[in-house]
Amino acid sequence: MNLSTRFSVSVHILCVLYYNKDIDCNSELIAGSVNTNPVVIRRLVSSLKKAGLVKTTRGVGRIELAKDLKDISLCDVYQAVDNVNAPLFGLHENVNPNCPVGRNINSVLREKMDDMQRIMIEQMADIPVSEIMSDIYQGIENEKKSVKETESSISRHMEKKRNQTDSNPEE
């Protein structure tokens, strides 16, 4: 099963643009964060641009947000880069028609899956990309805190070793 990553990579693009809003961003810079080829980024940026979520500068290759992240919902991103009419969940097409379960499973599951997809898209409309960015900033702060705690722990350990060496000099 191969699930599309267009949506998650597109949200990543928008967050990189916001995080680097004070510098000129291009597909190479964004591709470095996403860890993919710049061509992949340019294709997605094209879709995001058509949806009015980003703008580009020809010749320079600069990409920037066209809207504030609080005004872009996850649903906006999803609709910009994925086929919203395509089912999110696939069905096993090679069922046994001679089996009562096999004959009925797909129609029953499709109805439930369509309901789940509709609910998910409705919920995505209520989540702005700014919320994702806020959570990213929180993760960055947690990383900084963890690094400081590790550095402090190493310093304490080294000081303890030094004190042991000072109190037990070799004869």
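Over the chain, calculate the relative contact order: mean separation of alpha carbon pairs under 8 Å at least 6 apart, over the residue count, as a percent. Intermediate values should be presented prior to the final figure.
Values: 138 pairs, mean separation 36.2, N = 171.
Result for the chain is 21 percent.
Over 31 Å between Cα atoms, which of LYS70/LYS144; LYS55/LYS112; LYS49/LYS148; LYS55/LYS148 qualify?
Beyond 31 Å: LYS55/LYS112; LYS49/LYS148; LYS55/LYS148.
Rounded to the nearest 10 Å², what accessible area does TYR137 have for a 1.4 Å probe in the complete protein model?
Counting only protein heavy atoms, TYR137 exposes about 90 Å² to solvent.
Computed FRET efficiency, Cβ-Cβ of ILE23 and ALA125, R0 41 Å: what is it to the nearest 0.05?
With a Förster radius of 41 Å, E is 0.85.
Which percent of the accessible area of region 1-141 is formed by carbon and sulfur heavy atoms (probe 1.4 angstrom)? Numbers along the way, then the final one.
Details: 4620 of 9000 Å².
The C+S portion of the solvent-accessible surface of region 1-141 is 51 percent.
Enter the accessible area per residue of the chain (Å², integer; probe 1.4 Å; all protein chains in place). Display every interim value, and only then the final one.
Working: 12090 Å² over 171 residues.
Solvent-accessible surface per residue comes out at 71 Å².
Report, in deg cm²/dmol and to the nearest 500, the calculated mean residue ellipticity at 222 nm for the chain, where each DSSP H run with n ≥ 4 adds -39500 (n - 2.57) and the sum is divided by the residue count. Write down the numbers at each step before the final one.
Numbers: 6 runs with 107 residues, N = 171.
It lands at -21000 deg cm²/dmol.
Magnitude of the Cβ-charge dipole of the chain, K/R +1 and D/E -1, about the Cα centre, nearest 20 debye?
On the way: 22 positive and 24 negative charges, 130 e Å.
It works out to roughly 620 debye.
Among [x] 10, 41, 38, 9, 0; [y] 10, 36, 34, 18, 3, 0; [z] 8, 26, 22, 16, 12, 8, 5, 2, 0, 0, find the value of P(r) over Cα pairs in 10 Å bins from 0, in percent that was calculated from the structure presented, and write down its label.
Of the labelled values, this structure produces [z].
The values are calculated or read from the model by the stated rules, or taken from the named source; none is laboratory data. What you see is a predicted model, and the numbers here were worked out from it, not measured in a lab. Methodologically, a virtual Cβ is constructed for each residue, glycine included, from the backbone with ideal geometry; neighbour enumeration extends over all protein chains shown. SASA here: full protein model, heavy atoms, side chains in, ligands and nucleic acids out. Shrake-Rupley method; radii C 1.70, N 1.55, O 1.52, S 1.80 Å.
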